[in-house]
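Undergrad: Have a look at this one before I ask anything.
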Amino acid sequence: MVFTTNKTYKILNFFNMKKLILLSAFAALFLFALVSCEKKENANLDTLGNVQKENTEKNCYANPDDKYEYTVVPGMKQWQELASIDEAFEICQLPDDVLKSISTKGLIDALVHSPMFTGHYLLSSSSPVATWHRLYSKLNSAKELFNRENSGDILVEYYKEIDLSCINQSYNEIEKVTELERLFGIEFLFTKPEILKKISTQNKQELVKYLLKNYENNTNNYFTVIAIASVLYNDNYTPLVEYYKKNTNLYEMNILVGYFLDDNQRSEIISFAKLFIM
């Protein structure tokens, strides 16, 4: 079920301002992290996944038996020698033999720890949904994941193993920017119909429990509420569907774009989620 409505200048201006504030806050931290970069032409590549090399021994995520290790990552000479972002995406594609043999859990881990998985939202002028969906389309690990029949259930299990308290306690403020963006990217996988259609209602309820838990422990992450709304809507949860029928502009902003009008509307979605898991 899809609702359509015309965007008003008032709504667009509100969200452009809100995004500008968010981007400014994150950009300030990234600028601090990047002051030591010497090659201006490689600044964007330095930004993308810029703290991955420092975080290899901090494991706040699921640890698959067949964990994939990228051979070229930020900090290496080969990475600094890349001429463009397109080249960086090219070397971050999984080899064909790995793509077909790796477990689904290993595939998810390889996707979310790709050197090109973080840094894009901060550099994008597009909506959150469009930005993340475009990123997924550039990585063959994501394409393979969307084609696997067990991708939905395994992604739920992977998400449940993420330790948000570990992220908050193990990383400094600069590193947290990257890790929280990684979390956003994982949660936005739950806005993809290819994933949602493979998750049963029971597992969606289990997923929403953990989304709510992480939201309550990180209340600044309203992106988690976007994922919650997408899960409930995909499950045709009647209270939410009826809510969006009466508020078509909110449907467009939440599900199709990835924004909220205000905190009261965000609270409405949280209330629906708590009823959904009862």
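Undergrad: Hey, VAL231 hits all of (1) crowded, with 21+ Cβ neighbours inside 10 Å; (2) closer than 19 Å to CYS60 by Cα but one; which does it fall short on?
TA: (2)
Undergrad: Only residues that are touching a residue at least 40 places away in the same chain (Cβ under 8 Å) and not in a helix (DSSP H, G or I): list them for the range 152-175, please.
TA: GLU161, ILE162, ASP163, TYR171
Undergrad: A follow-up question, please. Please work out which residue is modelled with the highest pLDDT, limiting yourself to the range 116-130 and to residues that are out of contact with any Lys or Arg (no Cβ under 9 Å at 6 or more places or on another chain) and under 14 Å from GLU181 (Cβ atoms).
TA: To start, the set of residues in the range 116-130 that are out of contact with any Lys or Arg (no Cβ under 9 Å at 6 or more places or on another chain) comprises 119, 121-123, 129-130.
From what's left, under 14 Å from GLU181 (Cβ atoms): 119, 121-123.
Details: GLY119: 85, TYR121: 68, LEU122: 64, LEU123: 67.
So the residue we want is GLY119.
Undergrad: Would you pick out the residues in the range 237-254 that are farther than 16 Å from SER271 by Cα, surrounded by fewer than 19 Cβ atoms within 10 Å (Cβ to Cβ) and touching a residue at least 40 places away in the same chain (Cβ under 8 Å)?
TA: LYS245, THR248, ASN249
Undergrad: If you check ASP65 against the conditions, is it in the same structural domain as TYR158 (by TED's automatic domain parsing) and surrounded by fewer than 13 Cβ atoms within 10 Å (Cβ to Cβ)? Working first, answer last.
TA: Values: in the same structural domain as TYR158 (by TED's automatic domain parsing): yes; surrounded by fewer than 13 Cβ atoms within 10 Å (Cβ to Cβ): yes.
So ASP65 fits the description; yes.
Undergrad: Let me ask another. Suppose we keep only residues that are part of a loop (DSSP other than H, G, I, E, B) and touching a Leu at 6+ places or on another chain (Cβ under 7 Å) within the range 118-151. Which one would you say is farthest from LYS100 (Cα to Cα)? Break it down stepwise before answering.
TA: Our first condition is that a residue be part of a loop (DSSP other than H, G, I, E, B); within the range 118-151, this holds for 118-119, 124-127, 138-139, 148-150.
Subsequent filtering for residues that are touching a Leu at 6+ places or on another chain (Cβ under 7 Å) retains 118-119, 139.
Working: THR118: 24, GLY119: 27, LEU139: 14 Å.
So the residue we want is GLY119.
Undergrad: Quick one: in the range 89-117, of everything that is of a type in the set (A, V, I, L, M, F, W, C) and outside any helix (DSSP H, G or I), which residue is surrounded by the most Cβ atoms within 10 Å (Cβ to Cβ)?
TA: Step one: of the range 89-117, the residues of a type in the set (A, V, I, L, M, F, W, C) are 89, 91-92, 94, 98-99, 102, 107-108, 110-112, 116-117.
Pick out the ones that are also outside any helix (DSSP H, G or I) and you get 92, 94, 102, 116-117.
Values: CYS92: 22, LEU94: 20, ILE102: 21, MET116: 21, PHE117: 25.
Per the criteria, the residue is PHE117.
Undergrad: Which residues, counting only those in the range 48-87, are within 18 Å of LEU111 (Cα to Cα), in a helix (DSSP H, G or I) and at pLDDT below 90?
TA: Scanning the range 48-87 gives GLN52, LYS53.
Undergrad: When the range 232-278 is examined, which residues are found to be among the hydroxyl-bearing types (Ser, Thr, Tyr) and touching a Phe, Trp or Tyr at 6+ places or on another chain (Cβ under 6 Å)?
TA: Filtering the range 232-278 down to residues among the hydroxyl-bearing types (Ser, Thr, Tyr) leaves 233, 237-238, 243-244, 248, 251, 259, 267, 271.
Within the range 232-278, TYR237, TYR244, THR248, TYR251, TYR259 qualify.
The values are calculated or read from the model by the stated rules, or taken from the named source; none is laboratory data. For clarity, every value in this text was computed on a predicted model and none was experimentally measured. Heads up, the Cβs are rebuilt from the backbone with ideal geometry, glycines too, and the neighbour counts pull from every protein chain shown.
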